[in-house]
Amino acid sequence: MKIYICPALMDALIFLVMFAVMYRAGDQGMSITQCAWMACLFQLAYMFTSLAVGFLLSRHNTRVILLASIVLCTLCGVTCLMAKAFLLILVAFGCLGIFMAFFFNAFQAFMRTESAPGDLGRAIGLYTLAWSLGSAAGIFASGFFYQLGFTMLSALIILIGGVILGILFLHKPRPADAPSANENVESGSGKAPPVDPIYVQVGWLMIFMAMFVQRPIHSFFPAISAKSGISAFVTGLPLFLQMAVQAVVGLAMIHWRHLLYRRTPLWMIHGGAVVLLLVMWRRPILPVCFLGISLLGAYAGFIYFCSVYY
């Protein structure tokens with residue numbers, strides 16, 4: 001159970017850095033194009049590294065990769081905060097995306113090997129809860145402590161990285177020969193047909209859509225708010241609530257697994273997200289955006305659970 005603190009803390013670290021850097025970008029008058037470069041490089045680095053790292057992972061090397069990626073993510077996070085030049089921030093942001101991909105892909109593999117056969121749904125629900133709450137905490141901490149300066153935020157990041165390392169060092173893994181969810185495919189009840197490999201592709205499409213909706217909000221909303229004179233604390237609140245709602249929905253999916261592999265729930269959740277985005281587009285005022293961004297957490301919680309499970 002305690003290993004789920006690790007993705008929570010890592011996402012707290014990542015989202016603390018992202019919010020602070022993007023809010024500072026708007027505060028210092030960086031253009032939307034520069035913000036887009038940072039956001040796109042980070043996400044592309046994460047995506048392509050995720051594709052590559054899958055070929056490197058095994059049951060025997062995930063722990064080493066996890067430990068190395070924690071150190072490197074911490075160093076990159078501090079560099080992102082303390083750097084002044086746009087080019088250095090851009091490079092550090094890209095490297096953060098790379099090492100973040102190593103951490104989360106390795107942790108998902110580690111999580112599956114640490115889960116007993118038949119326990120995959122619970123593991124993914126707890127994982128979604130953990131990283132979503134961590135993201136929410138990172139955004140809240142960044143918005144709350146932003147005025148204290150980037151030296152204080154850097155010290156907080158180093159502390160978080162040290163705690164993650166300590167948890168993994170102290171964790172006693174399951175025996176290497178013990179059966180796990182990684183070697184067993186969960187089957188449905190009754191005479192349910194086996195899962196078709198096409199659902200892996202569906203999972204990729206779902207994660208693409210979740211990122212397409214969520215990442216621009218997390219990248220540009222802080223910068224736009226800073227340019228509009230909205231405080232870092234107020235800006236962070238709807239993003240915090242979005243991740244908190246996402247965490248609750250992700251945990252609830254443990255008991256809503258009957259919604260998996262069905263078209264109607266997917267149509268409904270995507271349709272709801274479209275409506276929320278259209279309302280925010282037509283009425284881009286703070287109360288509407290506050291509520292809309294918060295409610296999009298329900299969409300993300302459902303989609304992230306399904307995509308990782310698929």
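Some observations on this one:
- Scanning segment 1-22 for residues that are surrounded by 23 or more Cβ atoms within 10 Å (Cβ to Cβ) and in contact with a His (Cβ under 9 Å, 6 or more places away or on another chain) yields Cys6, Phe15, Met18, Phe19, Met22.
- Residues located in segment 142-162, provided they are of a type in the set (S, T, N, Q) and surrounded by fewer than 24 Cβ atoms within 10 Å (Cβ to Cβ): Gln147, Thr151, Ser154
- Test: residue in segment 259-282 that is closer than 20 Å to Leu126 by Cβ, part of a helix (DSSP H, G or I) and over 21 Å from the mean Cα position of the chain (by Cα): yes
- From the options Ile139, Ile70, residue that is more than 22 Å from Leu51 (Cα to Cα), buried (at least 24 other Cβ atoms within 10 Å of the Cβ) and either at pLDDT 90 or above or β-branched (Val, Ile, Thr) (or both): Ile139
- Among all positions in segment 213-236, there is no residue which is part of a helix (DSSP H, G or I), touching a Leu at 6+ places or on another chain (Cβ under 7 Å) and of a type in the set (Gly, Ala, Ser).
- Yes/no for Ala298 being surrounded by 15 or more Cβ atoms within 10 Å (Cβ to Cβ), more than 19 Å from Phe19 (Cβ to Cβ) and not β-branched (Val, Ile, Thr): yes
- Residue in segment 14-37 that is among the basic types (Lys, Arg), within 25 Å of Leu156 (Cα to Cα) and either touching a helix residue (DSSP H, G or I) at 6+ places or on another chain (Cβ under 7 Å) or not in a helix (DSSP H, G or I) (or both) present: no
- Of residues in segment 261-303 being among the hydroxyl-bearing types (Ser, Thr, Tyr) and touching a helix residue (DSSP H, G or I) at 6+ places or on another chain (Cβ under 6 Å), the one farthest from Ser225 (Cα to Cα): Tyr299
- Failed criterion for Ile230 (all others in (1) at pLDDT 90 or above; (2) touching a Ser or Thr at 6+ places or on another chain (Cβ under 6 Å) hold): (2)
- In the set (1) assigned to a helix (DSSP H, G or I); (2) modelled with pLDDT of 90 or more; (3) surrounded by fewer than 18 Cβ atoms within 10 Å (Cβ to Cβ), the condition left unmet by Leu239 is number (3).
The values are calculated or read from the model by the stated rules, or taken from the named source; none is laboratory data. What you see is a predicted model; the values in this text were computed from it and never measured. Reconstructed Cβ throughout: ideal geometry from the backbone, glycine too, with neighbour counts over all protein chains shown.
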